Amino acid sequence: MSQRLAVQQGYGFEAIHNPLENQTMRKGGIEMEMTAKKRFVGFRAPKMSLREMMKNEKGLTLIELLAVIVIIAIIAAIAIPSIGSILEKTRVNAHRSNAHMAIDAARLYVSNEGVTLAGTGTTLDITLTDLNAKGYMEVIPKDPSNKAQTYDPGTASATATTPATTYSGAGSYVHIAKDATTNNFIYSVTLVGQGTTAQKYADHTLEANIGTDGYIVETGTATAPTP
């Protein structure tokens with residue numbers, strides 16, 4: 001009966017048959033725990049001055065520093081041209097959007113004002129100034145390559161129904177001709193920046209070629225097909 005009670009209380013079978021050994025193990029465990037606590041309480045971190053701590057801090061050697069600089073230079077040499085190319089493509093796409101907008105405005109002008117062409121040899125030029133003055137272009141578009149300026153809008157060259165058959169002035173305009181086979185209107189656009197050395201972004205670029213490389217450019221000479 002007493003053995004069963006001892007087992008239920010957690011002493012186990014070994015505690016009943018070896019009571020002296022069990023007590024010795026418990027006493028030894030308590031003494032080890034107390035010794036560990038005393039050692040922990042008595043622990044003191046070594047005292048170090050700020051100067052000594054700074055001496056222990058290790059920096060990069062000259063060779064390591066030069067290696068880092070070379071790596072950064074290589075990364076920059078690769079990344080900067082790529083970024084420049086991406087930005088240029090973005091600006092060229094903006095010129096393309098403006099070219100489409102100018103042609104759409106000219107198409108509305110021709111349709112609403114009842115403009116006709118006498119024959120395949122007759123052409124019409126409508127400047128951005130004309131389109132803006134008649135309300136077909138709300139504002140002269142900003143030049144994506146020179147955000148402080150708009151495109152050169154050209155001078156007024158048209159009345160409501162009689163645009164100039166030839167436009168000899170500078171600036172941006174839409175050129176309209178008639179297809180000899182289909183008699184449909186053919187639209188092309190010229191976009192020019194402002195200034196004495198203004199860049200010509202599009203030079204009589206046909207509507208169908210606006211999205212083709214080389215017909216809308218930011219620098220250099222744009223391909224100029226004959227309508």
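The values are calculated or read from the model by the stated rules, or taken from the named source; none is laboratory data. Note that this is a predicted model, so its numbers are computed, not measured. Cβ placement follows ideal geometry from the backbone for every residue including glycine, while neighbour counts extend to all protein chains displayed.
Observations, loosely collected:
- Tally of residues being under 16 Å from residue 96 (Cα atoms) and basic (Lys, Arg) across the stretch 126-143: 1
- The criterion of at least 3 residues that are surrounded by fewer than 19 Cβ atoms within 10 Å (Cβ to Cβ) and either among the aromatic types (Phe, Trp, Tyr) or modelled with pLDDT of 85 or more (or both) is met, among strands (runs of 3 or more DSSP E) falling completely within the stretch 81-193, by 146-150.
- Here the condition is being in contact (Cβ under 8 Å) with a residue 40 or more places away in the chain, assigned by TED's automatic domain parsing to the domain that holds residue 216, under 19 Å from residue 188 (Cβ atoms) and over 22 Å from the mean Cα position of the chain (by Cα); of 119, 154, 114, it holds for 119 alone.
- Scan of the stretch 174-227 for residues that are of a type in the set (Gly, Ala, Ser) and over 29 Å from residue 119 (Cα atoms), ordered by number: 193, 195, 198, 214, 220
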